[in-house]
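What follows is calculated from the coordinates using simple rules that are stated; it is not laboratory data. Remember, it's a predicted structure, so these values are computed and weren't measured experimentally. Cβ atoms come from the backbone with ideal geometry, glycine included; neighbour counts cover every protein chain shown.
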Amino acid sequence: MGFHTFDPDQVDRLRGSDRFRFCSREELLEPLPRGSDAAIVDLGSGIGFYTDELAPFVGRIHALDLQPAMHEHYRERGVPDNVVLETGAADALPFKDDALQGAVSTMTFHESTTEPAMSELARVLGTGAPAVVVDWSRDGRGEAGPPLDERFDAARAREFFEEAGFEIRLASERSETFRIVARR
Ligand SMILES: C[S@@+](CC[C@H](N)C(=O)[O-])C[C@H]1O[C@@H](n2cnc3c(N)ncnc32)[C@H](O)[C@@H]1O
């Protein structure tokens with residue numbers, strides 16, 4: 001956990017439709033609330049590649065990232081009107097208790113996850129709110145993404161959610177990534 005933080009000089013790796021090979025818009029959207037009343041957070045939003053994909057379906061997305069340089073890249077690309085850029089850490093979220101109706105995190109769980117970060121996520125999500133995580137798996141082939149020894153697998157990710165009091169709806173391994181859907 002917290003092995004490293006993504007190097008902003010490598011942002012070209014966060015662009016391009018080949019990313020949908022490992023995580024699609026549809027699998028992120030499926031568990032999330034939709035419509036103008038839904039406010040969600042994208043934890044570790046980077047340059048907003050997936051934030052942009054989800055923005056048309058919800059009222060507001062808070063794009064949270066530790067590194068202002070990532071938000072700068074996002075601003076250069078153009079930030080949708082209903083996306084709010086937040087600079088901050090996953091273990092000190094800038095939201096009130098029960099403030100959000102959902103959370104999403106792509107390819108970031110291995111960088112951002114600690115027990116305090118899981119408690120924070122539980123604090124800011126309302127009861128029943130979904131969290132969906134897709135990240136590189138330690139159980140993967142290692143053909144793309146960070147080194148295997150920097151990753152979690154679905155079983156470990158599941159434990160993080162369970163220890164923070166979430167109900168697990170789905171925990172699956174694929175060829176290179178895992179997906180967790182949990183409910184607060
Ligand atoms: C590999 S990038 C993925 C970005 C984006 N989710 C995507 O799929 O395109 C990981 C991002 O998480 C951010 N990050 C890492 N640790 C974090 C933490 N503890 N809190 C918030 N953001 C964090 C990094 O700055 C980086 O922008």
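Observations, loosely collected:
- Looking across Ala89, Ala99, one residue alone is in contact (Cβ under 8 Å) with a residue 12 or more places away in the chain and farther than 29 Å from Ala155 by Cβ. It is Ala99.
- Scanning region 102-125 for residues that are of a type in the set (S, T, N, Q) and in contact (Cβ under 8 Å) with a residue 60 or more places away in the chain gives Ser105, Thr106, Thr108, Ser112, Thr113, Thr114.
- Considering residues of region 47-63 that are assigned to a strand (DSSP E or B), surrounded by fewer than 24 Cβ atoms within 10 Å (Cβ to Cβ) and without any contact (Cβ under 8 Å) to a residue 40 or more places away in the chain only, the residue farthest from the chain's Cα centre (by Cα): Gly59
- Some residue of region 30-46 being of a type in the set (A, V, I, L, M, F, W, C), within 17 Å of the chain's Cα centre (by Cα), within 11 Å of the ligand (Cβ to nearest atom) and assigned to a loop (DSSP other than H, G, I, E, B): no
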